[in-house]
Amino acid sequence: MALLEIRNLGKRFGGLAAVSELDLDVGKGEIFGLIGPNGAGKSTVLNMVGGTLFPTRGKIIFNDQDVTRFPPYRRARRGIARVFQRDVLFRSFTVLENVLAGLSMSSSAGFIEIFFKGLSARNQEKAMREKAMEILQFVRLAQQADEMAINLPHGNQRALCLAIAMATQAQLLLLDEPLTGMNDEEIKTMMDLIRTLRDERGITSIVVEHNMRAVAGLCDRAAVLDYGRKIAEGSPKEVVDNPTVIEAYLGVEEDAV
């Protein structure tokens, strides 16, 4: 069953068609790769699914509800969370406080109440801290709970971004180049976390990534965009072996794979 349905999606910027006539289905519990050359429209698609851009045409259906015109906060409350290419953190907060901020989105106590300790926040604080520590344990950052976020190494900051997305009770994660700037050990750790989210918590992920070896090892299926149009879809092996993909993208990149 499809968790996310994209139908005839298009986005124009003036005379430029960034995305054209895109159809995609992403199933519940699937890790779906979205790949293609620079400028192919991948991040534009994530922006439209996350709500930071509205499409020029087409529909986005999430959990059987048309969310095409929902702003980002309404999509987040329904279970769509974006993890951006650049680390988006409260850098002057501790690791734990960052996750508490994510939890506040799904709590009846708001962000201000939590950190200034209003009455309803005090009633919930213990349970929320326990939940936050559980999430940090999952992403292997529990020992760094009291560290300032800005002091974490890059790989741990990426894991913290994932923890914040988890804290919003996301059903669908939009991961924009989650492996960028990581060393081999950090890449393996992040890939393991994404798989475990799928296997243990049923969380669906859409992954935009240039590391083709990682895409092949991580994703259940993938679609390839070129100049905003889908040119192939299938298993990672099927898209890698597709002659159109090789010509448009992989042939240029295969020395770096």
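So in the range 11-31, with the set limited to residues that are in contact with an Asp or Glu (Cβ under 9 Å, 6 or more places away or on another chain) and part of a strand (DSSP E or B), which one is nearest to Met1 (Cα to Cα)?
For the range 11-31, the residue satisfying everything is Gly27.
Is it the case that some residue within the range 178-192 is in contact with a strand residue (DSSP E or B) (Cβ under 8 Å, 6 or more places away or on another chain) and under 12 Å from Val83 (Cβ atoms)? If you could, list the steps in order and put the result at the bottom.
Here is the first cut: in the range 178-192, the residues in contact with a strand residue (DSSP E or B) (Cβ under 8 Å, 6 or more places away or on another chain) are 178.
The next check asks that each one be under 12 Å from Val83 (Cβ atoms); those that pass are 178.
Yes, that holds for at least one residue.
Which count do you get for residues in the range 164-183 that are surrounded by 22 or more Cβ atoms within 10 Å (Cβ to Cβ) and within 21 Å of Ser104 (Cβ to Cβ)?
Residues that pass the stated criteria total 8.
So which of Val88, Val67, Val26, Val19 ends up being β-branched (Val, Ile, Thr) and in the same structural domain as Met128 (by TED's automatic domain parsing)?
Numbers: Val67 fails: in the same structural domain as Met128 (by TED's automatic domain parsing); Val26 fails: in the same structural domain as Met128 (by TED's automatic domain parsing); Val19 fails: in the same structural domain as Met128 (by TED's automatic domain parsing).
Of the residues listed, the single one that is β-branched (Val, Ile, Thr) and in the same structural domain as Met128 (by TED's automatic domain parsing) is Val88.
Right, Asp184: more than 17 Å from the chain's Cα centre (by Cα) and touching a residue at least 60 places away in the same chain (Cβ under 8 Å) or not? Quick ask: steps written out before the conclusion?
Values: more than 17 Å from the chain's Cα centre (by Cα): yes; touching a residue at least 60 places away in the same chain (Cβ under 8 Å): no.
Answer is no for this residue.
Which numbered condition in (1) within 25 Å of Asn211 (Cα to Cα); (2) crowded, with 21+ Cβ neighbours inside 10 Å is the only one that Phe62 fails?
Looking at each condition in turn, Phe62 falls short on (1).
Take residues that are under 20 Å from Ala18 (Cα atoms), at pLDDT 90 or above and of a type in the set (Val, Ile, Thr) and tell me which of the helices (runs of 4 or more DSSP H) falling wholly in the range 37-132 contain 3 or more. Walk me through it before giving the result.
Working: elements: 42-50, 72-78, 95-104, 111-116.
Of the helices (runs of 4 or more DSSP H) lying wholly inside the range 37-132, those with at least 3 residues that are under 20 Å from Ala18 (Cα atoms), at pLDDT 90 or above and of a type in the set (Val, Ile, Thr) span 42-50.
The values are calculated or read from the model by the stated rules, or taken from the named source; none is laboratory data. For clarity, every value in this text was computed on a predicted model and none was experimentally measured. Heads up, the Cβs are rebuilt from the backbone with ideal geometry, glycines too, and the neighbour counts pull from every protein chain shown.
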